[in-house]
4 protein chains.
Amino acid sequence: MKNQLFKYGLIGSSGKLGSEVNSVFNDNGGRQVYIYNRGGEFEVEKPELIIDCSAPEVLDKTVSLVDRFNVPLVIATTNLTDSQIGRLKTLSISVPVVQSYNFSVGVQVLLNLVRKADEILTNWDVEIEEVHHSQKKDRPSGTAKMIRSIFKEKNVNVSALRLGTVIGDHSVHFGGPGEILSIKHSAVSRRTFAQGILKAAHFVLQKKNGFYSFTDVIYSDTGFQI
Amino acid sequence: MKNQLFKYGLIGSSGKLGSEVNSVFNDNGGRQVYIYNRGGEFEVEKPELIIDCSAPEVLDKTVSLVDRFNVPLVIATTNLTDSQIGRLKTLSISVPVVQSYNFSVGVQVLLNLVRKADEILTNWDVEIEEVHHSQKKDRPSGTAKMIRSIFKEKNVNVSALRLGTVIGDHSVHFGGPGEILSIKHSAVSRRTFAQGILKAAHFVLQKKNGFYSFTDVIYSDTGFQI
Amino acid sequence: MKNQLFKYGLIGSSGKLGSEVNSVFNDNGGRQVYIYNRGGEFEVEKPELIIDCSAPEVLDKTVSLVDRFNVPLVIATTNLTDSQIGRLKTLSISVPVVQSYNFSVGVQVLLNLVRKADEILTNWDVEIEEVHHSQKKDRPSGTAKMIRSIFKEKNVNVSALRLGTVIGDHSVHFGGPGEILSIKHSAVSRRTFAQGILKAAHFVLQKKNGFYSFTDVIYSDTGFQI
Amino acid sequence: MKNQLFKYGLIGSSGKLGSEVNSVFNDNGGRQVYIYNRGGEFEVEKPELIIDCSAPEVLDKTVSLVDRFNVPLVIATTNLTDSQIGRLKTLSISVPVVQSYNFSVGVQVLLNLVRKADEILTNWDVEIEEVHHSQKKDRPSGTAKMIRSIFKEKNVNVSALRLGTVIGDHSVHFGGPGEILSIKHSAVSRRTFAQGILKAAHFVLQKKNGFYSFTDVIYSDTGFQI
C-alpha cells in the first residue's frame, strides 16, 4: 500500500498545516487533484480521499464534498463543536472518517502515559499547559482538550501561552506531597503532523465506513496499545 | 552588626514562612520577644523591630503595633491592596519599612534580567508563569504581580499553576520569530526567603524612616544595580 | 499496622535523609532505639528493624548489625557495587530486605511510564538528565542508574548537573523525527523519601525473608502495577 | 540598503542552514551567483560577498575564495580551531569578516543576560546545557562554547543532549542556597539563523575591513548594548 500512488483532495491547502500536508503527500506518492482554500476551488479530477486542515466554519463544505465524491475523510480541523463532531459521526455511517485534534505519534504516547499516571496518582493535583504561536485562533488547543477529557471527574485547569512561532508544546503536571511528575510533548516541526495525516490517509483508504481516531491508526500500524 | 543580638516581634509566626523566619532568626542572634498569630498575642518585652509574614486582613494590627512600639517593620505579606501599600508608605514617614512580595536574591536578579530583556526584545510576545503549592491563597502570586508591573504598556498574561507542595517557581517567556527566550526562578527551600528577611532586618535596623524595597536591601549589601 | 508503635535502628542518622527519616518516623509511631553515625554508636535496646541511609563504605557494619539483631532491613544507600547488592541478596535469605535508590512514589511512576514509552518509541533517541545539590557524592545518581537500566540495549547518555541545594530532579527525553516527549520527576522535599522509607518499614515488618524493591512496597500498598 | 539587490556566493549551500540561507536571501533581494557544496563548484558571476555555512575542513577553500574575489565574508561555520579563528582575523585585515557560532538575536540577549547574572551571582554554581538533533557533529555546540567563555575563572560543565531533530536549545542554570535561576533559549526554526545571517550580510556590505561578531551586527542595528 505504502508506495502506491493515490489522488487526494485538500481543504485548507494554504494554511500552515495544509502546506506541509501538500509537501509530505507529494513526496510520498500523493497527487493533489482537488483544492479548496481562501483562493477558491480547483478540481482536476475526482480524489480518492479528502484531507481537511481548515477551520470549523468550513465543515459544511467538507461534508458536502465527502458526500458528493463518496470518499474517505481525514479531518485535522480543531475547535469543532460537539454538534460538528456528531455530524462527522453521522457521515461515518457511509464513509470511513479519521478525526483527531493531533496527528503526532508522541501526543498519542503522551495521552497513553497520562491515563496510566492518572490511574496511580489519584489524589494528586493536575495542571495542563499548552504553548502555541501567537496567531493560533482557538484557546485552549484541541490537543489540550483531548488531554483534559482524560480527567473527567477532576476540574482540571488549562494554562494557554501564546509565544512567537511555537509549533505546539503540551505538558501535564501531577503534584503530590513533596514531588512533581511532568509529562511533556514538544512538536519540533509541523511536518510531524503531516506525516501522521499521511499514515491516517493510508489507513482510511483501506477501511470501509466507520469513525476512527488517530489512536486507531497508530494501533493498526504499530500494535501500540492504550 | 551581623552577629549582634536583636529582639524581634513576629506577626504570622505559625505560617509556613513564619516558622522559617523563627528558625533562621534564632540561629542568627535573633530573640523572639513578641508573637501574634492565630493562637493569640504573646508579649515578653518590647521588640526592636516587627516582622510581618501574615495576611492582608492582619495589616490593621501590624500598623497599630508598629505605631505603639515605634520600631521598624519588615513586611512580607502578599496580596496587599494599593490602599494598604499607601498606608505602609504613610507609616514609613515615622519608621523605616521594608516591603516586598519576595525576599529571595534570585528573584531580584530575575526582575533585573527581565527588565534588561524587555528593553531589547520590544516587539516579542511575553508570558508570565508561576507555580505554587495548592494551599496558596492569592492568585497570581505577589511575585508574578511584581514581574507584570515591568511590562506597563503590554497587557501581559499570567498563568498560575497550583501543584502539590511547590514552594514557588516563576518564569518569564519572550517569544519572537523563530525563537524563545525564558528566564526562570525556582525556590528550592522556603529558608531562602527567611534569610532574605534576615538581611532586610539587619538593613532596617540601621535606617531612619523611609519606604524601602528588597532591591534596596540587596543593593546596599552587594552593590548590585538595577 | 500503620498506627502501631515500633522500635527502629537508624544507620546514617546525621545525614540529610537520615534526619528526615528520624522526624517522619517519630511523628508516626517510631521510637529510635539504636543509632550509628559519624559520632559513634548508641544502643538503647534491640530494634525491630534497621534503616540504613548512609554510604557504601558502611555496608559491612550494616550487614553485621542485621545479622546480630536478626531483624529486617530497609536500605536507601546509593552507589552500591554489584557485589554489595549481591551481599544484600545473600542477607535476604535469612531476613526481609527492601533495597532501592529512590523511595518516592513519583519516581516509581516515572520508571513505569518510561518503560511504557520505550516499548512504543523503539527507534527514538533517549537522553537521561539528573540535577542534584553540589554536595552530592555519587554521579550519576542511583536513580539515574535505575532509569538507565531500563534501556539495556541502548547505550543511553546520562547528563548530571550539580546546582546549589537541589534535592533531586530526573528527566528522560525521547526524541523522534519532529517531536520530543519528556517525563520528569522533581523532588520538592526530602520528606517525601522519608515517607517512602516509612512505607517500606511497615511493609518489611510484615514480611518473612526475601529481597524486595520499593516497587514491591508500592504495589502491595496500592495495587499499582508495573 | 535593505531592499537593494545584492549578489552572494554560498559555501555549504546543501546543508540544513545553507538551504535556509538560500531561501531567506532569495526572498530578500539576494541573487545566488556562486555555490560551493558537496556537488561541486558553480560560478555564474562574481559575488559581492561570501556566506559560509559549511564545515571547518572547508575553511581553506573559503579563505582562498574571499582572497580571489576580494569581497566581505559572513561565516557561520562552527567548531573552528583557535588557529582557524586566527586565520580569519588575518583575512579581516583586507576585507570585513563577520564570524559567529550563532546568528540568532535571542542568543545574543542570552549571552548578555548571562554576563549580567554572573556579575551578581558570583558564588553560585553554574551549569550549561545544550540540546541538538542527533546528526550534529560537534559537541558541545559552538554556542555552548561561546557561553562557557563568559565564565573564564570557573570550570563550567556543559551537558550536551542529542535528540531527534531539535534545532537548538541552550540553557544556563545558576544554583545558589535554596534557589535556582535559569536562562534558556530555544530555536523554533532554523530560518531565524538565516535571518540573522541576512542582517550580517547587510552589515558587512557597508563595512571596510575588520573582524566583527554578530553582537556588533545587532548593536549597529538596534543600539542594543552588551
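Name the strands (runs of 3 or more DSSP E) wholly inside the stretch B:7-61 in which the number of residues that are in contact with a helix residue (DSSP H, G or I) (Cβ under 8 Å, 6 or more places away or on another chain) and closer than 18 Å to B:Val204 by Cα is 1 or more.
In the stretch B:7-61, B:30-37, B:49-52 are the strands (runs of 3 or more DSSP E) which contain 1 or more residues that are in contact with a helix residue (DSSP H, G or I) (Cβ under 8 Å, 6 or more places away or on another chain) and closer than 18 Å to B:Val204 by Cα.
Yes or no, residue by residue, for (1) closer than 30 Å to A:His173 by Cβ; (2) out of contact with any Pro (no Cβ under 9 Å at 6 or more places or on another chain); (3) at pLDDT 95 or above; (4) surrounded by fewer than 24 Cβ atoms within 10 Å (Cβ to Cβ):
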| site | (1), (2), (3), (4) |
| --- | --- |
| B:Leu181 | yes, yes, yes, no |
| B:Arg190 | yes, yes, no, yes |
| B:Phe193 | yes, yes, yes, no |
| B:Ala200 | no, yes, yes, no |
| B:Asp216 | no, yes, no, yes |
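Condition first: in contact with a strand residue (DSSP E or B) (Cβ under 7 Å, 6 or more places away or on another chain) and either at the interface with another protein chain (Cβ under 9 Å from one of its Cβ atoms) or among the basic types (Lys, Arg) (or both). Now tell me which residues in the stretch A:145-154 satisfy that. It would help to see each step written out before you state the result.
Step one: list which residues in the stretch A:145-154 are in contact with a strand residue (DSSP E or B) (Cβ under 7 Å, 6 or more places away or on another chain), which gives A:147-148, A:151, A:154.
Hits for the stretch A:145-154 are A:Arg148, A:Lys154.
Could you please find all residues in the stretch C:94-143 being of a type in the set (S, T, N, Q) and more than 30 Å from D:Trp124 (Cβ to Cβ)?
C:Ser94, C:Gln99, C:Ser100, C:Gln108, C:Asn112, C:Thr122, C:Asn123, listed by residue number.
Just the residues that are crowded, with 20+ Cβ neighbours inside 10 Å and more than 7 Å from chain B (Cβ to nearest Cβ), please, taken from the stretch A:155-178.
A:Ile167, A:Gly168, A:Asp169, A:His170, A:Ser171, A:Val172, A:Phe174
Looking at D:Lys61, is it surrounded by fewer than 16 Cβ atoms within 10 Å (Cβ to Cβ), in contact with a strand residue (DSSP E or B) (Cβ under 9 Å, 6 or more places away or on another chain) and in contact (Cβ under 8 Å) with a residue 40 or more places away in the chain?
yes
If I ask for residues that are assigned to a strand (DSSP E or B) and of a type in the set (A, V, I, L, M), which ones from the stretch C:170-205 would you list?
Correct list: C:Val172, C:Ile180, C:Leu181, C:Ile183, C:Ala187.
Scan (1) over 25 Å from D:Arg191 (Cβ atoms); (2) buried (at least 20 other Cβ atoms within 10 Å of the Cβ) for the single condition D:Tyr36 breaks and write down its number.
Against the list (1) over 25 Å from D:Arg191 (Cβ atoms); (2) buried (at least 20 other Cβ atoms within 10 Å of the Cβ), D:Tyr36 comes up short only on (1).
Look through the stretch C:92-102, keep the residues that are more than 11 Å from chain A (Cβ to nearest Cβ) and within 28 Å of C:Arg190 (Cα to Cα), and return whichever of them is surrounded by the most Cβ atoms within 10 Å (Cβ to Cβ). Talk me through it step by step, then tell me what you get.
Step one: list which residues in the stretch C:92-102 are more than 11 Å from chain A (Cβ to nearest Cβ), which gives C:92-101.
Filter once more, so that each one left must be within 28 Å of C:Arg190 (Cα to Cα): C:92, C:95-101.
On the way: C:Ser92: 20, C:Val95: 20, C:Pro96: 21, C:Val97: 23, C:Val98: 29, C:Gln99: 22, C:Ser100: 26, C:Tyr101: 21.
For the stretch C:92-102, the residue satisfying everything is C:Val98.
Can you tell me how many residues within the stretch C:40-58 are surrounded by 13 or more Cβ atoms within 10 Å (Cβ to Cβ), within 18 Å of the chain's Cα centre (by Cα) and acidic (Asp, Glu)?
Matching residues across the stretch C:40-58 total 1.
Mind checking whether some residue in the stretch D:85-101 is of a type outside the set (Gly, Ala, Ser), touching a helix residue (DSSP H, G or I) at 6+ places or on another chain (Cβ under 9 Å) and in a loop (DSSP other than H, G, I, E, B)?
Scanning the stretch D:85-101, I find at least one residue that is of a type outside the set (Gly, Ala, Ser), touching a helix residue (DSSP H, G or I) at 6+ places or on another chain (Cβ under 9 Å) and in a loop (DSSP other than H, G, I, E, B), so the answer is yes.
Give me the pairs, please: first residue somewhere in the stretch D:78-96 and more than 18 Å from D:Ile11 (Cβ to Cβ), second residue anywhere and assigned to a loop (DSSP other than H, G, I, E, B), beta-carbon distance under 8 Å, and either six or more positions apart or on two chains.
Note: pairs meeting the criteria are D:Ile93/D:Asn209; D:Ser94/D:Asn70; D:Ser94/D:Asn209.
Can you confirm whether D:Val21 is under 14 Å from the mean Cα position of the chain (by Cα), touching a residue at least 12 places away in the same chain (Cβ under 8 Å) and buried (at least 21 other Cβ atoms within 10 Å of the Cβ)?
Yes, satisfied.
Could you list all residues from the stretch A:139-161 that are out of contact with any helix residue (DSSP H, G or I) (no Cβ under 7 Å at 6 or more places or on another chain), closer than 14 Å to A:Asn79 by Cα and among the hydrophobic types (A, V, I, L, M, F, W, C)?
A:Ala144
Identify the residue in the stretch D:103-144 that is in a loop (DSSP other than H, G, I, E, B) and either among the aliphatic types (A, V, I, L, M) or within 13 Å of chain B (Cβ to nearest Cβ) (or both) and, among all such residues, is surrounded by the most Cβ atoms within 10 Å (Cβ to Cβ).
My answer is D:Ser104.
Read through the list (1) more than 14 Å from D:Glu127 (Cα to Cα); (2) more than 9 Å from every other protein chain (Cβ to nearest Cβ), then give the number of the only condition that D:Ser186 fails.
(2)
Tell me yes or no: at least one residue of the stretch A:123-142 is under 24 Å from C:Phe174 (Cα atoms) and over 19 Å from the mean Cα position of the chain (by Cα). Let's see the steps before the verdict.
At the first step, the residues of the stretch A:123-142 found to be under 24 Å from C:Phe174 (Cα atoms) are A:126-133, A:141-142.
If we keep only those that are over 19 Å from the mean Cα position of the chain (by Cα) too, we end up with A:126-127.
Checking the stretch A:123-142: at least one residue is under 24 Å from C:Phe174 (Cα atoms) and over 19 Å from the mean Cα position of the chain (by Cα).
The values are calculated or read from the model by the stated rules, or taken from the named source; none is laboratory data. Since the structure is predicted, the reported quantities are computational estimates derived from the model, not experimental observations. Because the Cβ atoms are built from the backbone with ideal geometry, glycine has one as well, and the counts that use them run over all protein chains shown.
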